[in-house]
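Everything below concerns the one structure shown next.
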Amino acid sequence: MEIKPEIKFGFLAGVALIIWTIVQYFLGFHTNRFEYGNLATIGNVVLLLLPLWMALNEKKSDAGIAFNLRLGMRTGLLMLLISSGLASVFMLIYDYKINPMWVDRMIEWQVSADKNFALSKLANEPDASASILSNTEMHLCVYFFTLIFSGMLLTFLISIIQMLRKNTTA
């Protein structure tokens, strides 16, 4: 029995994101080297891009002429739900057991370094309702949905490329 590409590459991307988070922890990105946070984001994008490309390429090979944008987007969404879900469950454990308070320390660093990040601006907001956006629970939501939305943008672009490749070879 062959495993569907969205499942196979969803788990691959999820495990890769978990390993990348552990690497960031050991490199100090979540403890004392917050200035390298952009590398974390770039790593997340690459770790979504490569499995998405492989999943959509395999789906295109399986579907042949029937590959279209709808099939590509469906495949990408299913893959992203698996990978983002898996990585987010790990982040729940990470945020509460492995490295608690790192989100708070990140916001403190942003405020002290006078960084122009949205969370640091909200953390300094005198309105108490805005400060809810600067906590660990919100980080978990933002993490999950950022992976989904950025992954869907990548899925759209990759699906278009796959369709163009199909049309030029047909």
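On full extension of the chain, what length is gained from residue 39 through residue 19, given 0.36 nm per residue of separation minus the C-alpha to C-alpha distance?
Details: separation 20, 0.36 × 20 = 7.20 nm, distance 1.44 nm.
Roughly 5.8 nm would be gained on extension.
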Practice item. Set the Förster distance to 22 Å, then compute FRET efficiency between residue 165 and residue 50 from the Cβ-Cβ distance, nearest 0.05. Key: 0.80
Check your understanding: Quick one: 73, 91, fewest Cβ neighbours within 10 Å first, how do they rank?
Key -> 73, 91
Review point. Along the Cα-to-Cβ line of residue 150, 7 Å from the Cα, sits a label point; which residues in region 21-54 have backbone N less than 13 Å from it?
Key: 21, 37-50
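Which FRET efficiency value, to the nearest 0.05, is calculated for residue 61 and residue 1 with the Förster distance at 22 angstrom and r the Cβ-Cβ distance?
Numbers: r = 18 Å, r/R0 = 0.81.
Approximately 0.80, to the nearest 0.05.
What's the exposure ranking of 6, 35, going from fewest to most Cβ atoms within 10 Å? Could the numbers behind the result be given before it?
Values: 6 24, 35 11.
Fewest-to-most ranking of 6, 35: 35, 6.
Only the coordinates and a few stated rules stand behind these numbers; no lab work does. Small disclaimer: the values here were computed from a predicted structure and weren't measured. Ideal geometry is used to build each Cβ from the backbone, glycine not excepted, and the neighbour counts take in all protein chains shown.
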